[in-house]
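S.K.: Handing you this structure, nothing more for now.
The values are calculated or read from the model by the stated rules, or taken from the named source; none is laboratory data. The structure displayed is predicted, hence computed values, not measured ones. No Cβ is skipped: glycine too gets one built from the backbone with ideal geometry, and neighbour counts run over all protein chains shown. Protein only, heavy atoms only, side chains kept; ligands, DNA and RNA dropped before computing areas. Shrake-Rupley method; radii C 1.70, N 1.55, O 1.52, S 1.80 Å.
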Amino acid sequence: MTTPPILYTFRRCPYAIRARMALKHAGIEYEHREVILRDRPPEMMAISPKGTVPVLQLPNGEVLEESMDIMLWCSPGEWLEGDWQELVEVNDGKFKDNLDRYKYPNRFDDVENPEAHRDEVLEILNRYEQRLGESRYFCGDELSLADVALAPFVRQFANTDRAWFDGQALPNVQHWLEGILASELFTGCMVKHEKWQSLTTLSETTTPTEPTTHAEPTEAPEMTKARQEMVDQQLIPRGISDPGVIHAMSTTPRHLFLTPEAWPVAYRDHPLAIESGQTISQPFIVAMMSELLAPLPVGAR
Ligand SMILES: N[C@@H](CCC(=O)N[C@@H](CS)C(=O)NCC(=O)O)C(=O)O
């Protein structure tokens, strides 16, 4: 019996959804390793240090760390007909950029009006609308790679403001999306999985005597650098001087309180949205409040 490929995946990630759908369509069995993005397993980081999902490890050791590479690896020839390349380029580029700015405006410095980004996406959807009036799916009357590559992103856009999306004159897009979301191919890929238990979890590498604020060992160097710049440029020049506060702000992985899309801006000089309509305060405010609490020296409890 041959070992199956291993897929590191995250249920709601649109890139991972497209990869799972392609694998399922191709009838490929794989070992499903559900990843929590703020606690990515060392096994995944070792084969794909860029740290994004999905990642597929083949039995021969080859690693596919881009969703489109996974799709292309497993898709049958007839799925690859048509202009899927141009469609994916627009989807993964302009569509995704504007979707993120519409859905998470305060994670970006350049968003003045989220609705302007929603309308940029709408312009793309209007083109899809015309196209889906000519054939049932993007590249003809059968589902193919283009549909599966795009649908998880259109779903995410639609769910950002469902009432608004449903009110748009996009009957062909709405019908196309509904059909895909109702399919066994999609629903079968959205079954919930428990987090995969890494064999070398972070808790095993952390001794009880270490401060609990210690950053995760697999942290990307950009995160460490951004955090240090935050301390040097936002906190110290504004008068934060307590060594305990500076230590905590220098080591607490603030980005882990955010979803990974927000990590590039996690250490910037402003508050950020977290789940359930809440926000995480600007770093300086956190530091100032902590300093006012007159914390105990580092290591004291
Ligand atoms: N180009 C990659 C993008 C994958 C990606 O950005 N996945 C997100 C989750 S939806 C992720 O892993 N983010 C973590 C990070 O950027 O650190 C692909 O197509 O596979």
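S.K.: Just how much of Y30 is accessible, in Å², when a 1.4 Å probe is used and the result is rounded to the nearest 10?
M.R.: 60
S.K.: Out of the GluC sites (Glu not before Pro) in region 144-200, which ones are loop residues according to DSSP with at most 12 other C-beta atoms within 10 Å?
M.R.: On the way: sites: E178, E184, E194; in loops: E194.
Within region 144-200, the qualifying GluC sites (Glu not before Pro) (loop, at most 12 other Cβ atoms within 10 Å) are E194.
S.K.: Carbon-plus-sulfur fraction of the accessible area of the chain, 1.4 Å probe, in percent? The partial results should precede the final answer.
M.R.: Details: 8500 of 15800 Å².
Percent of accessible area from carbon and sulfur atoms in the chain: 54.
S.K.: Using the Cα gyration tensor of region 208-292, with a ≥ b ≥ c the square roots of its eigenvalues, what is the shape: rounded (a/c below 1.5), prolate (a/b larger than b/c) or oblate (neither)? Show your work: numbers first, answer last.
M.R.: Working: a/c = 1.43, a/b = 1.11, b/c = 1.28.
Rounded.
S.K.: If you split all Cα-Cα distances of the chain into 20 Å bins from zero, what percentages do you get per bin, shortest first?
M.R.: Going out from 0 Å in 20 Å bins, the chain shows 28, 52, 19, 1 percent.
S.K.: Take the cross-link list K94/K192; K96/K192; K50/K96; K192/K225 and give me the ones stretching past 27 Å between alpha-carbons. Don't skip to the answer; put the middle values down first.
M.R.: Details: K94/K192 30 Å; K96/K192 25 Å; K50/K96 19 Å; K192/K225 35 Å.
K94/K192; K192/K225, as the Cα separations exceed 27 Å there.
S.K.: Apply the Kirkwood formula to region 82-187: the hydrodynamic radius equals the inverse of the mean of 1/r over all pairs of different alpha-carbon atoms; give it in Å with one decimal. Walk me through the numbers before you get to the answer.
M.R.: Details: mean 1/r = 0.0708 Å⁻¹.
Computed over region 82-187, the radius equals 14.1 Å.
S.K.: Quick one: ranking H175, H247, H255, H32 by accessible area, 1.4 Å probe, largest first, what do you get? Mind dumping the intermediate values first?
M.R.: Details: H175 130, H247 65, H255 0, H32 45 Å².
Sorted by accessible area, descending: H175, H247, H32, H255.
S.K.: Taking a probe of 1.4 Å, how large is the accessible area per residue of region 208-292, in Å²? List each step's numbers first, then the result.
M.R.: Details: 4590 Å² over 85 residues.
I get 54 Å² per residue for region 208-292.
S.K.: Another question about this same structure. Within a Cβ distance under 15 Å of E115, other residues only, what is the Lys/Arg minus Asp/Glu net charge?
M.R.: Charge balance near E115 sits at -4.
S.K.: Tell me which DSSP H helices of the chain clear both cut-offs, 18 Å or more of axial length from alpha-carbon atoms and a mean Kyte-Doolittle hydropathy of at least -1.0. Provide the component values of the computation, followed by the final result.
M.R.: Values: long enough: 114-134 (31 Å, -1.24); 145-160 (24 Å, 0.72).
Counting only whole DSSP H runs, the qualifying helices are 145-160.
S.K.: Next up: Accessible area per residue of region 1-141 at 1.4 Å probe, in Å²? Before the final figure, lay out the partial values.
M.R.: Working: 6950 Å² over 141 residues.
It amounts to 49 Å² per residue over region 1-141.
S.K.: When only the heavy atoms of the protein chains count and the probe is 1.4 Å, how do D110, D83 rank by accessible area, highest first? Present the calculation step by step, with values, prior to reporting the outcome.
M.R.: Numbers: D110 95, D83 50 Å².
The residues order as D110, D83, largest area first.
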